[in-house]
Amino acid sequence: MDDDQRDLARLLGASIRAARRAIQLTLTDVAARSQLSQPFLSQIENGNVMPSVINLHRIAQVLGTTAHDLLEQGTRVDATVIHVDDSSSYSLGPGAVMRFCTAGSRSMACNEVIADPRSAAESPTSHNGEELLYVISGRIRFVIDDAEHTLEPGSTIYYTASSPHQWFNDTEDTAKFLFICTPPGF
């Protein structure tokens with residue numbers, strides 16, 4: 001981890017610990033409900049490791065919040081401008097980065113994904129709410145409820161986020177796309 005990643009891991013760990021304590025859960029409680037080990041959760045809370053986006057989502061669900069809120073501790077304001085150089089980003093695993101385009105507690109979240117050639121989401125995910133995916137550049141294969149859709153620049157897909165869904169960049173080109181969801185799911 002570089003210095004920025006270490007700082008993010010420490011802040012995220014502190015945020016998770018505060019959320020867990022606020023609802024009076026032990027690490028053992030969170031481990032049982034998230035299907036993650038208690039030592040691993042302890043390492044996360046201490047800022048020693050950065051969880052995958054899927055594991056962060058599991059933790060957030062147990063804590064009654066979103067991964068986005070755990071990563072972005074802000075206050076609600078009427079208007080928020082986030083410049084690309086000031087935004088937070090999070091690795092989705094090998095070959096993919098998610099940038100948060102919204103901050104603070106809002107009723108909607110927008111995340112930009114930059115997916116390297118031959119990359120994919122770690123595994124199918126599902127969460128509450130509705131989601132819209134908009135392809136900016138490249139081409140992705142999107143699977144929802146075992147149905148496959150090929151999406152090119154300008155294409156959108158709107159769906160109930162509780163259905164298992166996963167994206168794949170099967171091409172030799174980088175793909176860039178937005179996930180917009182309400183309520184925030186990640």
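The values are calculated or read from the model by the stated rules, or taken from the named source; none is laboratory data. Computed from a predicted structure; not experimentally measured. All Cβ positions, even for glycine, are placed from backbone atoms using ideal geometry, and neighbour counts span all protein chains on display.
Any residue at all in segment 139-151 that's farther than 14 Å from HIS57 by Cβ, in contact with a Gly (Cβ under 9 Å, 6 or more places away or on another chain) and aromatic (Phe, Trp, Tyr)?
No, because not a single residue in segment 139-151 is farther than 14 Å from HIS57 by Cβ, in contact with a Gly (Cβ under 9 Å, 6 or more places away or on another chain) and aromatic (Phe, Trp, Tyr).
Name the strands (runs of 3 or more DSSP E) wholly inside segment 124-186 in which the number of residues that are in contact with a Phe, Trp or Tyr (Cβ under 9 Å, 6 or more places away or on another chain), not assigned by TED's automatic domain parsing to the domain that holds VAL113 and not hydrophobic (A, V, I, L, M, F, W, C) is 1 or more.
none
GLN61 passes all but one of (1) under 17 Å from ARG99 (Cα atoms); (2) in contact with a His (Cβ under 8 Å, 6 or more places away or on another chain); which number fails?
Just one mismatch for GLN61, condition (1).
Are any residues in segment 10-40 in a helix (DSSP H, G or I) and within 18 Å of the chain's Cα centre (by Cα), and if so, which ones?
ARG10, LEU11, LEU12, GLY13, ALA14, SER15, ILE16, ALA19, SER34
Given the criteria farther than 23 Å from PRO183 by Cβ, of a type outside the set (Val, Ile, Thr) and under 19 Å from the mean Cα position of the chain (by Cα), does ARG6 qualify? Write out each step before concluding.
On the way: farther than 23 Å from PRO183 by Cβ: yes; of a type outside the set (Val, Ile, Thr): yes; under 19 Å from the mean Cα position of the chain (by Cα): yes.
Judged against the criteria, ARG6 is a match.
Can you go through ILE114, ILE59, ILE54 and tell me which one is under 29 Å from ARG6 (Cβ atoms), touching a residue at least 60 places away in the same chain (Cβ under 8 Å) and buried (at least 20 other Cβ atoms within 10 Å of the Cβ)?
None of the other options fit; the residue is ILE114.
Out of everything in segment 133-162 that is at pLDDT below 95 and in contact with a Ser or Thr (Cβ under 7 Å, 6 or more places away or on another chain), what residue ends up being surrounded by the most Cβ atoms within 10 Å (Cβ to Cβ)?
ALA161
Just checking, which of ASP69, ASP86 is at pLDDT below 85 and loosely packed, with under 14 Cβ neighbours inside 10 Å? Spell out how you get there, then give the answer.
Numbers: ASP69 fails: loosely packed, with under 14 Cβ neighbours inside 10 Å.
After applying the criteria, what remains is ASP86.
Based on this model, can you work out whether LEU27 counts as under 25 Å from PRO94 (Cα atoms) and either surrounded by 16 or more Cβ atoms within 10 Å (Cβ to Cβ) or out of contact with any Gly (no Cβ under 6 Å at 6 or more places or on another chain) (or both)?
So LEU27 fails the test.
When PHE40 is evaluated against the numbered criteria (1) surrounded by fewer than 18 Cβ atoms within 10 Å (Cβ to Cβ); (2) hydrophobic (A, V, I, L, M, F, W, C); (3) in contact with a strand residue (DSSP E or B) (Cβ under 7 Å, 6 or more places away or on another chain), which criterion, by number, is the only one it fails?
(3)
Within segment 117-160, track down each residue that is more than 19 Å from SER52 (Cα to Cα), in contact (Cβ under 8 Å) with a residue 24 or more places away in the chain and among the aliphatic types (A, V, I, L, M).
LEU132, LEU133, VAL135, ILE136, ILE140, VAL143, LEU151, ILE157
Look at GLY129 and say whether it is within 17 Å of the chain's Cα centre (by Cα) and surrounded by 16 or more Cβ atoms within 10 Å (Cβ to Cβ). So that I can check it myself, show each step before the final result.
Values: within 17 Å of the chain's Cα centre (by Cα): yes; surrounded by 16 or more Cβ atoms within 10 Å (Cβ to Cβ): yes.
Against the criterion (within 17 Å of the chain's Cα centre (by Cα) and surrounded by 16 or more Cβ atoms within 10 Å (Cβ to Cβ)), GLY129 qualifies.
Within segment 77-89, can one find any residue that is out of contact with any Leu (no Cβ under 7 Å at 6 or more places or on another chain) and within 26 Å of SER123 (Cβ to Cβ)? Give the derivation first.
The first filter runs over segment 77-89 and keeps only residues out of contact with any Leu (no Cβ under 7 Å at 6 or more places or on another chain), leaving 77-87, 89.
In the following step, the residues that additionally are within 26 Å of SER123 (Cβ to Cβ) were identified as 87, 89.
Yes, segment 77-89 contains at least one residue that is out of contact with any Leu (no Cβ under 7 Å at 6 or more places or on another chain) and within 26 Å of SER123 (Cβ to Cβ).
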